[in-house]
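Inspection log for the structure reproduced underneath, given as structure tokens.
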Amino acid sequence: MSQFLEFSLLGLTTGGAYALIALGLVAVYRGTGVVNFAQGAIGMASTYAFWKLYAHAGVPLWAAVVLGLAVGALIGVVFYAFVGRRLIGASATTKTLVTLGLLLMLQAVVRIFWTNQQERVDSVLFPGATRIAGTPVPDLSIALVVTATLLTLALHGLFRYTRFGRVTTALQDSPMGAQSLGYSPHPWGACAWAISGVLAAAAGILLAPVTALSPNALSTLVIPALGAALIAAFRHFWIALPVGLLAGLVESLAIGFGVAPGVGKSLPYAVTLLALVIAGRHLPGRGTVDAPRLFRVGSGHVSWPGIAVGAALVVTAATALPDQWSDTLALTAIFALVGLSVVVSTGYAGQISLLPLALAALSMLFAGWVSQRGASLPLTLALATGAAGVAGGVIGGVTARLRGIGMTIATLAITAIVETGAFTSSRLVNDVTGWTVRDMSVLGLSFDNAVAPQRFALLAWALVLAAGLLLAALRRSAAGRRLLAARSDERGAAASGVSVPRAKQLAMTVAAALAGLAGALLALQGGTVGGQRFGEGFLYADSLALISMTVLSGAGYLVGGVLTGVFVPGGLLAQWLSFGPRVNDWLALLLAANLVFVLLGEPDGVVAQFLRGAARLGLAPRHGHRHRSTAPNAAACAAPPDRAALVHTLRPRLPGGANAAALQVDHLSVRYGHIVVVDDVSLTIRPGEVLGVLGPNGAGKSSLIDAITGFVPIRTGEVRVSGAALDALAPHARVARGLTRTFQDHLLFEDLTVRENLLAAADVARAQPRPRHSVSSAAAAPGAVVAAAAALTGTDTCLDQIVAALSLGWHARVTLARALAARASVLCLDEPAAALSPEARRHVIDAIRAAARELGIAILLVEHNMDVVLATCDTVIVMDAGRVIAQGPPAEVLRRPEVIRAYLGEPSPDVAPAGRRNAPPDPGRDSRPEKDRDAGTAAAGPEAGPDAHSAPRPVEAGA
């Protein structure tokens, strides 16, 4: 018991530091909405300032402490003034990368102006110890806990009871509303960053005697602190304090009771990872505005002339230059593979993963281990690549519930576990001797880097070429479209039948395999791996630097991944300019500064800038228009020859009988907490019928669609499509059973072309097994389905346009086309005509009527535009407060007193509405001519585009 108490009290030091940093993270998030990954680095820089002033400049102790705290506040304020204020409204991905750039900047500044070596710090503030229950406890531990507790009380009071807290909360909850009242976010945001900086500095100064001073020492403390802040939902200081203290306590007890030091230090990181996985959601909720999309992505088309020129340059350099250049060429190729790994995980999947270098390091050890046991060169490469891919698949499966910041924190925690656990394990690194690579030949031809460096360099570049071609094929494939669809919008992807967790797992698997191949090549290049000093150069800070290089090069382009290898220390650029360690530090500062300042204005990198310039010169197609088809079979994408062929191609995959219910909903209820938003709703729709769902705002209409399609859990009730129950299925699995939907805000995949948007749904539809009762004997080719859906909705004139370049009216039509391409038997439409012009609404009406009357699709339509309802719906139901209050033909239902009362709050339709709710118009007063209301179902031609445009106009952008 005495040992338990002793170790617990000793853990207060680390726990207090975790708590202080977590408090700063919560403070800056409450004030600005930014998760500050540089919190530990701010504390590190402030601590250096304090120690240099006190120990080297002779400044009195408490004056140096005050100045150190002031430095922390100054860093926060300056960062907000120049960068942080521009992050208002930015995506979480941008905010994450910018704060990671700040971390790298501060580390580079310390290395340049002070030192890169560790420096011990004397315990000058609290040098003594106090006995508690007979156990000596350092006064430093007590000071940390007391300081953290007092600050928790102060911060809770500041954000809960003061004007500062009310204003910052308002600015976070409703930025536009708070600003409309005259509150500028800038002074409040600067104050929040100053408070965060002071807390980081306090943690660093108090903990410096324990951790010593180095550019990386305090930065790693942010990982368990992030876990504590995460458990506190980045809002509750009184939760962050005990969780931070508990993390330090668990670590101290683990080490004290004989757990290996590396394992003990890994426990807080493991707890952070576990908390993330438990708190994660498979899909973001409705109203989530932050998407992971950030980087523009290349088309995946291969430039064979460019490859030929690059190959010729590499062969010439390897054969004509001295041996040291061959080493540089090989190292450039190896880190190009790591850069390609970042392109897959960050560029294609939109997730900032800090795993590439950690996986490469583990792959080095594994490659050395299998080679020392007699594996041949090809087998060593294959096993290391495969093992890393399997590890990436497992990690991808575990973290599939995470997105954005959650994924970054999770991979940061895994990287820290690898650093503290694997790199310190004598068994894994094979003590001091390490692992030796033995067989370096293939068919009698030696690729030993010590004997034939030119040959080894050519091997490395051959593997880069093979990896690049495979990734280009992935980008153009159906799997690549699913991956990019999930990156662009997870809810929209799920509604198109894409399994978002599987897409993320695929990206993580491919990225890990590339990192594993790079690690195996590093082992072959060095000849011996492991040993006691293994891990230097593979820390998470090095991963951050490498990611920054890839982002600046162009994380969405394969060439950007290759350029990463050119820019890394030891790569071609460093060799060409003969960089020394000092220059490398300046280069690191330059790259970090670019990541911070350039990312906000040019997130697409050097490659995109080059392509944009080439487009202006007419040497490359503009991003808004693609001259080459991205369809798998361009011939199959020709327009169908006639209307009958079009209808046959788009016929639902799972048609039901004429009198059977295509969609049946029985006693459906949905709750958000204790609030009932859908209350005992039942409905039935047969093939070819359109059922409208009307009601005032907040009546539960969108929640009804969310529940039917699987985006929110059902409290009670049942959903059946063609007689099959779907209650236990995820949204993408319901698409496979014949149920799909659209969204009011469309949720298109904006980085993809219209054709690729439609192909994403058509690919999924073709991948499903054909039922025996299907109309067609064979699945239609995705290209033919795309052409038919585009012809029906009038989007065939813009198939090769990037969606982001189209207007709102075209977005509505592309949304309907994508839904039709899924070939579902039930289609739920959530306000498809919202905010559209009358002309654009006419196109929507035509497409809805064609889908119901010609294709036989059962349609559930939520819509506020009564002209759309009257022109398309056979029956309507009216909801109010989650319940159905009326049902019947549209003209009859809209005249009922209870319906008018639900909309207007008045019993009589003759009373003018007070504007509280949107009122239903007199159904007899449709302003459209009779011939328009009874028009045929033919889709509008290209001469009558939505929003009064004859054709969509591309927006000039990079290729």
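Just so you know, all these numbers are worked out from the coordinates, no wet-lab data involved. Fair warning: this is a prediction, and the values are worked out from it, not measured in the lab. Note: ideal-geometry Cβ built from the backbone for every residue, glycine included; neighbour counts use all protein chains shown.
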query = In the chain, what % of DSSP beta bridges are antiparallel (nearest 5)?
reply = 65
ask   = Which is the longest part of the chain that has none of the GluC sites (Glu not before Pro) sitting in a DSSP loop with at most 14 other Cβ atoms within 10 Å?
value = 1-535
inquiry  = What does the extension gain come out to for ALA57 and ARG160, with contour length at 0.36 nm per residue minus their alpha carbon separation?
reply    = 33.0 nm
request  = Sort LYS504, LYS265 so that the residue with the fewest other Cβ atoms within 10 Å of its own Cβ comes first and the one with the most comes last.
outcome  = LYS265, LYS504
query = Taking other Cβ within 10 Å of each residue's Cβ, how do SER499, SER180 sort, fewest first?
reply = SER180, SER499
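Calculate, in nm to one decimal, what GLN179 and ARG86 gain on full extension: separation in residues at 0.36 nm each, minus their alpha carbon distance.
Contour length minus Cα-Cα distance gives 31.9 nm.
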request  = With log10 I(q)/I(0) by the Debye sum over Cα atoms at q = 0.05, 0.06, 0.07, 0.10 Å⁻¹ defined as stated, name the option among [x] -0.43, -0.60, -0.78, -1.21; [y] -0.34, -0.49, -0.66, -1.21; [z] -0.69, -0.88, -1.01, -1.26 computed from the structure displayed.
outcome  = [y]
task = For the range 2-279, calculate the relative contact order in percent as a whole number, restricting contacts to Cα pairs under 8 Å that are 6 or more residues apart.
result = 41
request  = Relative to the longest principal axis of the C-alpha atoms of the chain, give the angle of the C-alpha long axis of helix 405-417, reported between 0 and 90° and rounded to the nearest 10°.
outcome  = 30
Value of relative contact order over the range 97-167, rounded to a whole percent, pairs C-alpha under 8 Å and six or more apart = 14
request  = Enter the angle in degrees (range 0 to 90, nearest 10) between the Cα long axis of helix 453-476 and the first principal axis of the Cα atoms of the chain, meaning the one along which they spread out most.
outcome  = 20
request  = For helix 323-342, report the angle its Cα long axis makes with the longest principal axis of the Cα atoms of the chain; keep it between 0 and 90° and round to the nearest 10°.
outcome  = 40
request  = Any chance you could run the full-extension gain for LEU321 through PHE610? It's 0.36 nm times the residue separation minus the Cα-Cα distance, nm to one decimal.
outcome  = 101.2 nm
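Please arrange HIS674, HIS864, HIS811 by counting, for each residue, the other beta carbons lying within 10 Å of its beta carbon, fewest first.
Details: HIS674 5, HIS864 17, HIS811 20.
Ordered by Cβ neighbours within 10 Å, fewest first: HIS674, HIS864, HIS811.
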inquiry  = Please compute the contact order of the chain in relative form: average sequence separation of alpha-carbon pairs under 8 Å and at least six residues apart, divided by the residue count, as a percent.
reply    = 13
query = Okay, helix-only estimate at 222 nm for the chain: each DSSP H run of n ≥ 4 adds -39500 (n - 2.57), divide by all residues, round to 500 deg cm²/dmol; what do you get?
reply = -18000 deg cm²/dmol
query = Name the trypsin sites (Lys or Arg not before Pro) in the range 348-409 that are in a loop by DSSP and that have at most 16 other C-beta atoms within 10 Å, would you?
reply = ARG373
